[in-house]
Amino acid sequence: MEGAHKLNAKLGDNGDTQFSLDEKQEVVDSFRGTRMWWKLSKASDDYSLYGRKIQRRNYMLVFHKRHRQLVQDSYLPEILQQGRALTAKNRQRRLYTHHENHMSTWTHVPWKHPATFDTLAMDPGKKDELIEDLKMFQKGKEYHSKVGKAWKRGYLLYGPSGTGKSSTISAMANFLKYDVYDLDLTTVTNNTDLRNLFLQTTEQSIIVIEDIHAMELEDKRMSTDFQWYYERKKITLSGLLNFIDGLWSACGGERIIVLTTNHVDKLDPGLIRRGRMDKHIEMSYCRFEAFKVLANNYLDITEHPLFTKIQRLLDETDMTPADVAHNLMPQGKRKRNTNKCLTGLIQKLKKAKLESGTRLSRGRVLPTGHQGII
């Protein structure tokens with residue numbers, strides 16, 4: 001916009017200020033030592049779209065005729081590429097969901113989840129490994145085409161409730177700048193509807209199926225005269241497998257599928273094999289490195305005299321990051337006090353350690369020659 005004497009400004013959807021050229025204003029651009037001039041022509045007549053008035057804005061590009069080939073072959077393609085990149089960067093991302101009464105279609109809301117990898121309480125090694133894997137995926141269009149695979153990747157996040165599976169998905173979406181599709185299989189009638197929902201998803205998106213262990217997926221191998229009718233009314237395991245990596249999954253590209261579960265042992269091995277779920281990530285209990293991230297998030301501290309005691313207790317006790325974060329937050333109307341929050345966490349950890357030891361003593365196996373469990 002440099003060189004323009006008059007600019008129009010408006011408030012964007014994200015709360016930022018957006019500038020545009022005023023009528024008959026022009027700006028000068030330079031490309032490989034060649035000067036071009038952009039000018040906003042008079043806007044065309046308004047037209048109505050779904051009852052809204054929209055005005056077309058036409059820009060004129062002026063350059064010397066001897067530079068025509070440079071403009072056509074290099075300059076305009078680069079301008080378009082930069083424009084698409086800026087649009088993707090600045091656009092409001094969306095969270096899509098599906099409801100049973102919406103006839104196999106998605107509805108969406110603006111998505112502004114604040115979780116990032118910087119604020120994610122996760123083992124640093126696993127976090128770095130996941131970030132590198134996402135970077136490789138994002139740059140993998142040519143590679144996937146070369147090896148003859150659809151440009152998609154599957155992640156299985158498994159571990160106890162409260163270990164940060166949903167926050168990890170949000171951090172992934174913010175890192176990649178992807179939309180998120182939250183797929184609730186209980187609202188999908190049959191395999192056909194499942195396939196239609198997949199075809200409606202866009203590229204650069206994450207498709208999430210949470211708590212996959214709780215879904216009742218019927219095996220296609222059934223011995224009944226009503227098998228065909230029954231399968232039309234249910235999502236089968238084979239239907240879900242085709243959704244993840246069947247022929248239809250290759251329609252479009254740059255999609256990530258994430259399954260989450262609290263009970264990985266309950267899942268069909270074919271569902272989570274490598275190639276469907278390419279990367280398995282165990283979401284574990286909170287250890288000291290993850291705790292330091294939470295302490296920085298909630299208390300704005302990176303060190304404290306009580307950290308040594310907390311580190312020892314975290315090594316001896318299984319407490320989820322969600323429970324640790326809860327104990328770092330002030331309760332009720334109490335103002336945040338670092339010492340009180342950390343002292344309270346220590347008391348909770350000691351109590352959890354004591355309860356865990358009591359359960360183990362009650363469940364210890366008796367010596368050889370005895371029967372039963374105490």
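The values are calculated or read from the model by the stated rules, or taken from the named source; none is laboratory data. What you see is a predicted model; the values in this text were computed from it and never measured. Cβ coordinates were reconstructed from backbone atoms using ideal geometry, including for glycine residues, and neighbour counts include every protein chain displayed.
Report yes if S161 is within 23 Å of M122 (Cβ to Cβ) and either surrounded by fewer than 18 Cβ atoms within 10 Å (Cβ to Cβ) or outside the structural domain of E254 (by TED's automatic domain parsing) (or both), otherwise no.
Details: within 23 Å of M122 (Cβ to Cβ): yes; either surrounded by fewer than 18 Cβ atoms within 10 Å (Cβ to Cβ) or outside the structural domain of E254 (by TED's automatic domain parsing) (or both): yes.
Answer is yes for this residue.
I'd like to verify a number: residues in region 272-286 that are under 17 Å from P321 (Cβ atoms) and surrounded by 17 or more Cβ atoms within 10 Å (Cβ to Cβ), how many?
Within region 272-286, the first condition is being under 17 Å from P321 (Cβ atoms), and the residues that meet it are 281-286.
Filter once more, so that each one left must be surrounded by 17 or more Cβ atoms within 10 Å (Cβ to Cβ): 281, 283-286.
Qualifying residue count, region 272-286: 5.
Considering only region 255-296, how many residues are more than 19 Å from the chain's Cα centre (by Cα) and of a type in the set (D, E)?
Result for region 255-296: 3.
In region 289-311, is there at least one residue being in the same structural domain as V264 (by TED's automatic domain parsing) and on the phi > 0 side of the Ramachandran plot?
Looking for residues that are in the same structural domain as V264 (by TED's automatic domain parsing) and on the phi > 0 side of the Ramachandran plot, one finds none in region 289-311, hence no.
Can you tell me which condition R66 does not meet? The list is (1) modelled with pLDDT of 85 or more; (2) in contact with a strand residue (DSSP E or B) (Cβ under 8 Å, 6 or more places away or on another chain), and all the others hold.
(2)
Just to be sure I understand the filter: pairs with C-beta atoms under 8 Å, separated by 6 or more residues or on different chains, first member in region 294-313 and touching a residue at least 60 places away in the same chain (Cβ under 8 Å), second member in a helix (DSSP H, G or I) and surrounded by 13 or more Cβ atoms within 10 Å (Cβ to Cβ). Which pairs pass?
That search, which allows pairs on different chains as well, returns L294/P321; L294/V324; L294/A325; L294/L328; N297/A325.
Is one or more of the residues making up region 320-335 part of a helix (DSSP H, G or I), of a type in the set (K, R), over 30 Å from S238 (Cα atoms) and at pLDDT below 95? Before the answer, list the steps.
Restricting attention to region 320-335, the residues satisfying the condition of being part of a helix (DSSP H, G or I) are 321-328.
Keeping just the survivors that are of a type in the set (K, R) gives none.
Looking through region 320-335, none of the residues is part of a helix (DSSP H, G or I), of a type in the set (K, R), over 30 Å from S238 (Cα atoms) and at pLDDT below 95.
Restricting to region 72-89, count the residues that are touching a strand residue (DSSP E or B) at 6+ places or on another chain (Cβ under 9 Å) and touching a residue at least 40 places away in the same chain (Cβ under 8 Å).
Filtering region 72-89 for residues touching a strand residue (DSSP E or B) at 6+ places or on another chain (Cβ under 9 Å) gives 74-76, 78-79.
Next cut, touching a residue at least 40 places away in the same chain (Cβ under 8 Å) only: 74-75, 78.
Residues in region 72-89 being touching a strand residue (DSSP E or B) at 6+ places or on another chain (Cβ under 9 Å) and touching a residue at least 40 places away in the same chain (Cβ under 8 Å): 3 in total.
Within region 133-184, how many residues are in contact (Cβ under 8 Å) with a residue 60 or more places away in the chain, assigned to a helix (DSSP H, G or I) and either in contact with a Ser or Thr (Cβ under 6 Å, 6 or more places away or on another chain) or basic (K, R) (or both)?
3
Report yes if some residue within region 105-128 is in a loop (DSSP other than H, G, I, E, B), modelled with pLDDT under 95 and under 24 Å from G239 (Cα atoms); otherwise report no.
yes
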